[in-house]
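What follows is a short report on a single structure.
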Amino acid sequence: MITWDNSLNSLFINGKWQGSISGRSESVINPATHEKLTEVAWAGRTEAESAIQSASSAFPSWSKMTARERSKILYRTHELLLERVDRLSTILTMEQGKPLAEARGEIRSAANFFLWYAEEANRLYGEWIPSSIPGKRLLVKPEPIGVIAAITPWNFPSSMIARKLAPALASGCTVILKPAPETPLSAIELVSILAEAGVPDGVVNLVTGDALEIGSALMESRDVRLITFTGSTEVGKLLMKGSADTLKKLSLELGGHAPILVFEDANLERAANQTLASKFRNSGQTCICANRVYVHENVKERFIDLLQNKIRHLKAGNGLEKGVDLGPLINRQSLDKVQSHVEDAIQKGANVLNGGAPLQVDLSGHFYSPTLLTKVTNDMKVMQEETFGPLLPLQTFIEESDVIHRANNTDYGLAAYLFTENLSRATRVSEALEYGIVGVNDVFPAVPEAPFGGIKQSGIGKEGGAQGIHEYVNIKYISTIIDE
Ligand code: ADP
């Protein structure tokens, strides 16, 4: 049984849990049942400014601590997350809707980000450059960028925070976290674990509340040196514009429109399994999930059969129940978007092979049936916009060069996938795809040890890998003339 002792005190500023100044709070709703879980404080500009002040005051001592000391706190966070996986994953499913097995996977992934950056904290090396001028010593030294703000989405309410906070803390930065209003409880749990693991007062501050007020306080502040954001391309652009006056650094993980290319030499069984896993995980509410499939004309019938046989067995329901594969969509707006993509496609001539309508489940949440469309044309919304739902449009192709062109013909550039058993083709096509991440026979590329991030309008910067910590670092160059 999960209880929230005092979720109204959900703001964590300078090491103290507190409520909003206005006393305002907002409900947290279970998207599967529409039951109210609890309420959390709704902060505005003033609380955001206090959080910035607190993070600024904490920066000098946190950044001077040895990397080894910071690393120990991150190791402890990793351990605590794993010890509490049952509680954390249950809360995650209750506020977000995804099946419990997926929520457990997400908590483990969050824990692994802390483990990876506990290790990387100790490897933030500088350089000594041989000088062309006698008597000079040229040093290059990485330094933490300062106070950073993390703005996170609801689709991965734990791991998106971990990907940002673990490298920021490892490098010596202090943090203001603004989680999505739909999923504040996972953020509250994670921040209390960080405090328990030994993060000093003021180093991590949490403000749940009004996106516009908190966002503008963060953007306008001269003390906040970087905003790291995961969410829509639209809001990413707003943050970039709003940060121009203070010339902040931005790290942006934005929308995607991932293509899956299934060649005639692919292992079709594997391609079908992975396509479904990519599309229907988190009910399609994932920025790297397949948004369109291109299958070679010669294997389309077998591939479609495999997909259809598997889609029929997907079970929708409350993610806390055993055997559920598909949870609800996060809200009514999401359901309307999926439905509008389906209606637009039908009106322009698409054929619905599976699904095509909201799903009647004995719950009040917004469920949508897993949907497969053929006879899809490029002018359909589903081929242009990110759907963020369980809708899979399928087109066929014959020529490799043509499918590469179609895959690249988008403003997005986050992830793309291809299925082939031919090594030369795998290499050639993955090099030709204009994406930050390419999965070859693999739709689960996101791991802590590798750099995740998009190009074009899918974002700027990397999360994960050795590169991920460099987002949070300034490179200082020290040139010294010495007496020899
Ligand atoms: P989604 O549409 O998936 O909710 P958003 O990009 O709107 O994605 O939201 C992602 C995160 O950005 C959330 O924490 C949200 O509250 C926050 N957000 C939304 N609009 C703004 C804004 N104008 N300024 C700052 N943060 C924002």
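Residue count for the stretch 348-381, restricted to those that are closer than 17 Å to Ile304 by Cβ and open to solvent by 40 Å² or more (accessible area, probe 1.4 Å): 5.
Counting the residues of the stretch 36-50 that are buried (at least 18 other Cβ atoms within 10 Å of the Cβ) and β-branched (Val, Ile, Thr) gives 2. In the stretch 145-237, counting only strands (runs of 3 or more DSSP E) that sit wholly within it, the ones holding 3 or more residues that are within 14 Å of the ligand (Cβ to nearest atom) and on the phi < 0 side of the Ramachandran plot span 147-151, 174-178, 224-230.
Among the residues of the stretch 238-251, those identified as surrounded by 13 or more Cβ atoms within 10 Å (Cβ to Cβ) and more than 10 Å from the ligand (Cβ to nearest atom) are Met240, Ser243, Thr246, Lys248, Lys249, Leu250, Ser251. The residue list Ile133, Ile145 contains one member that is among the aliphatic types (A, V, I, L, M), open to solvent by 50 Å² or more (accessible area, probe 1.4 Å) and out of contact with any helix residue (DSSP H, G or I) (no Cβ under 7 Å at 6 or more places or on another chain), which is Ile133. Scanning the stretch 255-287 for residues that are open to solvent by 10 Å² or more (accessible area, probe 1.4 Å) and within 15 Å of the ligand (Cβ to nearest atom) turns up just one, Cys287. Scanning the stretch 294-347 for residues that are of a type in the set (Lys, Arg), exposed (fewer than 15 other Cβ atoms within 10 Å of the Cβ) and either touching a helix residue (DSSP H, G or I) at 6+ places or on another chain (Cβ under 8 Å) or in a loop (DSSP other than H, G, I, E, B) (or both) returns Arg302, Arg312, Lys315, Lys322.
Of the residues making up the stretch 470-480, none is buried (at least 17 other Cβ atoms within 10 Å of the Cβ), closer than 26 Å to Gln384 by Cα and in contact (Cβ under 8 Å) with a residue 60 or more places away in the chain. List the residue pairs whose Cβ atoms are under 8 Å apart, where the first residue sits in the stretch 202-215 and is farther than 16 Å from Gly23 by Cβ, the second is more than 11 Å from the ligand (Cβ to nearest atom) and in a loop (DSSP other than H, G, I, E, B), and the two are 6 or more positions apart or on different chains. Cβ pairs passing all conditions: Gly202/Asn14; Gly202/Gly15; Asn205/Asn14; Leu206/Ser10; Ile214/Gly44.
Residue pairs whose Cβ atoms lie under 8 Å apart, sitting 6 or more positions apart in sequence or on different chains, and linking a residue in the stretch 245-265 that is free of Cβ contacts under 8 Å to residues at least 60 places away in the same chain to a partner that is open to solvent by 10 Å² or more (accessible area, probe 1.4 Å) and in a loop (DSSP other than H, G, I, E, B), are Thr246/Ser221; Thr246/Arg222. Can you find a residue in the stretch 403-412 that is in contact with a strand residue (DSSP E or B) (Cβ under 8 Å, 6 or more places away or on another chain), touching a residue at least 12 places away in the same chain (Cβ under 8 Å), assigned to a loop (DSSP other than H, G, I, E, B) and open to solvent by 50 Å² or more (accessible area, probe 1.4 Å)? Among the residues of the stretch 403-412, not one is in contact with a strand residue (DSSP E or B) (Cβ under 8 Å, 6 or more places away or on another chain), touching a residue at least 12 places away in the same chain (Cβ under 8 Å), assigned to a loop (DSSP other than H, G, I, E, B) and open to solvent by 50 Å² or more (accessible area, probe 1.4 Å), which makes the answer no.
Here is a yes/no grid of residues against (1) open to solvent by 20 Å² or more (accessible area, probe 1.4 Å); (2) of a type in the set (Asp, Glu); (3) in contact with a Ser or Thr (Cβ under 9 Å, 6 or more places away or on another chain):
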| position | (1), (2), (3) |
| --- | --- |
| Lys141 | yes, no, no |
| Cys173 | no, no, yes |
| Leu190 | no, no, yes |
| Gly202 | no, no, yes |
| Ala211 | yes, no, no |
| Glu220 | yes, yes, yes |
| Arg225 | yes, no, yes |
| Gly231 | yes, no, yes |
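Take Gly453 and decide whether it is under 14 Å from the mean Cα position of the chain (by Cα), under 23 Å from Gln274 (Cα atoms) and either open to solvent by 10 Å² or more (accessible area, probe 1.4 Å) or touching a residue at least 40 places away in the same chain (Cβ under 8 Å) (or both). The answer is yes for Gly453.
The values are calculated or read from the model by the stated rules, or taken from the named source; none is laboratory data. Just so it is clear, the structure is predicted and the values come from calculations on it, not from any experiment. Ideal geometry is used to build each Cβ from the backbone, glycine not excepted, and the neighbour counts take in all protein chains shown. SASA here: full protein model, heavy atoms, side chains in, ligands and nucleic acids out. Shrake-Rupley method; radii C 1.70, N 1.55, O 1.52, S 1.80 Å.
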